[in-house]
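Undergrad: I'd like to ask some things about the structure below.
Coordinate-derived values only; no laboratory data. From a predicted model like this one, the values you see are computed outputs, not experimental measurements. Here the Cβ is made from the backbone with ideal geometry for all residues, glycine too, and neighbour counts use every protein chain on show.
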Amino acid sequence: MAQLITRTGIVKAIHGPMAVAVTQREPACESCKARDSCEALGGSGSSVEVRARNTAGAQVGDTVTIGLRSASLLKVSFYIYTVPILALIGGMLSGYLLAKIFSLGEDLMVGIMAGLALACSFVWLGKKGRELSRRQEFTPEIIAKKSPEKTISLS
């Protein structure tokens, strides 16, 4: 069975089959180089908003456990970090070869092709990201819920 990465949060809003939950930022986030990117995507201060499939039927105010398969996170991380580097290297090599074949300025051609390949990799990653976001295996899921305690008036 696939290992799950889990976080606990409180449901802030429900949008159809999706829920928005607020979780606490992990201590490991403080040393992460991508911390600013997370903050740009909705997390600020000590809390982070997570959009997750509401398969547990959670309601606003419920404390929930959110899970994501670690293999899915690893696959997405591979795309994000590896594809641009490979595109940049491929663009540099093709620019070098084109400069040799057509007797053009090597530095200029390498720079143009590397930049073009890098830009194309970001366009491809954007399309791939939209495709993956529609697949359930790459979307966090609410796997457990605990409704808030209700007080009973004895008057």
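Undergrad: For a test of understanding, tell me how many lysine pairs in region 4-146 have Cα atoms under 17 Å apart, given they are 8 or more places apart or on different chains. List each step's numbers first, then the result.
TA: Working: Lys12/Lys145; Lys12/Lys146; Lys75/Lys127; Lys75/Lys128.
For region 4-146, qualifying lysine pairs total 4.
Undergrad: So how do 59-70, 83-94 stack up, highest first, on mean other-Cβ count within 10 Å? Kindly include the intermediate steps, with their values, before the conclusion.
TA: Numbers: 59-70: 17.5, 83-94: 16.0.
Ranking, from highest mean packing down: 59-70, 83-94.
Undergrad: What is the local net charge at Ala99, summed over the other residues whose Cβ is closer than 13 Å to its Cβ (Lys, Arg +1; Asp, Glu -1)?
TA: Overall, the nearby charge balance is -1.
Undergrad: Quick one: what are the phi-derived ³J(HN,Hα) couplings along region 98-115, Karplus 6.51/-1.76/1.60 with θ = phi - 60°, whole Hz, x for glycine and proline?
TA: Couplings: 5, 5, 5, 5, 9, 6, 9, x, 4, 4, 5, 5, 4, x, 5, 5, 5, x Hz.
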